[in-house]
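The structure under discussion appears below in the form of structure tokens.
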Amino acid sequence: MDLFLQSSSSRFHFHTSSINSSSSSSSSRNLSRFLFTIRSSLPIPLQKAKYNKELQAAVNVVEKACRLCVDVKKSLFSSEGKILEKNDQTPVTVADFGVQALISLELNRLFPSIPLVAEEDSAFLRSSILVDTVVSVVNDTMETGDTTLDRNDVLKAIDRGGKDAFIFGENPATYWVLDPIDGTRGFLKGTEALYVVGLALVIDGEIAVGVMGCPNWQADISKNLGTEDQEDKSGQPGQGILMVAHVGCGTWTKRLSNLLGSNTAGHIDWTRCYVDSCRIIHEARFCIPESITWESLPLSRCLTSTTNADSVDNGQVLLLPTCCGSLCKYIMVASGRASVFIQRSRAKTVVKAWDHAVGVICVIEAGGQVFSSCFVNP
């Protein structure tokens, strides 16, 4: 069971052995004191950001990947044959392969010496009819000009992050960690379901940079910290968010307005975010994955739950709407929208680096902690 809590000064180390390791209104007011916005292409001063180039590259490529996802999703439900089923029964789409190819190509161009650890490989794609579709969406998104990527280019890029592409030694390594679409089932659900493109950079075994793009995130996280549904009260479609973190420099977010065709001139508004400052358990806002119920958790033995923010009684906690259990749970906590996220892993579950690395640094740099019941320490 993992808990995501507020306030911590701990550092989280992500060694290569972890790649496949088993495994209320007053709060809103407190948080609002710390939120502030700056206008810049990146929110972190260059002199403070040791990995500024890597962070900028990650921001740029994740934004492109989010645009690819939005474009693919527009046509996904009007076309057949754009979904595959992997051996573990999770769906893989054109977007999964397209995002991994896109990010692999760009990172290899900019940082050829840094390997990529990613979720997909091309084995399923090669045996399907989707190769040309993936090649097409990657070419469209990369805007390669006179240079057109062919099937071999794209398949090779996907396999650069595959399971057989790298061998790590005993010492802590430096590598990128990518989940092309975390929450693929959410991606397939409909226009409002949440999914995340997550990219992190591990330097000598420690997570140093993280970028998450969530195209369907519709709430203004700096204002709506209650239990409102993810839909804006104005009825206007959301613009998504990009969350970035750099070790020692905090966690920041901005809107992904460009995904809806908005061409905002000038600098970009970045808002620094912090975890919820609530320190009283029955005043905290809890979030759990949709796959479990509150009653299945040990905490339910002493506290019941309610989803009504206006009627939280003694002995109850406020339970926020579920968020598919993807990387968006980290966005919920790092932004202060949720005080705590609890996830109970299934027996013999293998925890993968790409499912957590980027979220971990975003929560920690926002002042939070990540715990596992398998270990005493964070």
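What are the residues in segment 279-292 that are surrounded by 12 or more Cβ atoms within 10 Å (Cβ to Cβ) and of a type outside the set (Gly, Ala, Ser), if any? Break it down into steps so the answer makes sense when it comes.
Of the residues in segment 279-292, the ones surrounded by 12 or more Cβ atoms within 10 Å (Cβ to Cβ) are 279, 281-292.
Residues satisfying the conditions are Arg279, Ile281, His282, Glu283, Arg285, Phe286, Cys287, Ile288, Pro289, Glu290, Ile292.
Looking at (1) at pLDDT below 85; (2) among the basic types (Lys, Arg); (3) surrounded by 21 or more Cβ atoms within 10 Å (Cβ to Cβ), which is the one condition that is false for Arg337?
The failed condition is (1).
Applying the selection to segment 356-372, what residues are under 10 Å from the mean Cα position of the chain (by Cα) and either more than 14 Å from Lys329 (Cβ to Cβ) or in a helix (DSSP H, G or I) (or both)?
In the first step, residues of segment 356-372 are kept if they are under 10 Å from the mean Cα position of the chain (by Cα); the result is 356-360, 362.
Listed by number, the residues that qualify are Ala357, Val358, Gly359, Val360, Cys362.
Given the options Gly213, Gly250, name the one that is under 22 Å from Ile103 (Cβ atoms), at pLDDT 90 or above and surrounded by 17 or more Cβ atoms within 10 Å (Cβ to Cβ).
Working: Gly250 fails: under 22 Å from Ile103 (Cβ atoms).
Every option except Gly213 fails the conditions.
Pairs only if they're at least six apart or on different chains, beta carbon under 8 angstrom, first in segment 145-164 and of a type in the set (Asp, Glu), second in a loop (DSSP other than H, G, I, E, B) and crowded, with 17+ Cβ neighbours inside 10 Å; list them, first residue then second.
From segment 145-164, the pairs are Asp159/Asp121; Asp159/Ser122; Asp164/Asp121.
Being at pLDDT below 75 and over 16 Å from the mean Cα position of the chain (by Cα) narrows it down to one residue among Asp153, Asp220, Asp159; which is it? Quick ask: steps written out before the conclusion?
On the way: Asp153 fails: at pLDDT below 75; Asp159 fails: at pLDDT below 75.
Going through Asp153, Asp220, Asp159 in turn, the sole match is Asp220.
For the condition at pLDDT 90 or above, part of a strand (DSSP E or B) and over 24 Å from Trp217 (Cα atoms), what is the one hit in Val202, Val177, Val197, Val134?
Numbers: Val177 fails: over 24 Å from Trp217 (Cα atoms); Val197 fails: over 24 Å from Trp217 (Cα atoms); Val134 fails: part of a strand (DSSP E or B).
Criteria check complete, one pass: Val202.
Read through the list (1) more than 9 Å from the chain's Cα centre (by Cα); (2) at pLDDT 95 or above, then give the number of the only condition that Gly190 fails.
(2)
Say we look at segment 344-355 and pick out the residues that are assigned to a loop (DSSP other than H, G, I, E, B) and of a type in the set (D, E, K, R); which of these is modelled with the lowest pLDDT? Spell out the reasoning first.
Step one: filter segment 344-355 for residues assigned to a loop (DSSP other than H, G, I, E, B), giving 344-349, 351-352.
Right, trim to of a type in the set (D, E, K, R) and you get 344, 346, 348, 352.
Numbers: Arg344: 73, Arg346: 68, Lys348: 65, Lys352: 76.
Checked segment 344-355; the qualifying residue modelled with the lowest pLDDT is Lys348.
The values are calculated or read from the model by the stated rules, or taken from the named source; none is laboratory data. Remember, predicted model here, so these are calculated numbers, not experimental data. Cβ sites come from the backbone with ideal geometry, for glycine too, and all protein chains shown count toward neighbours.
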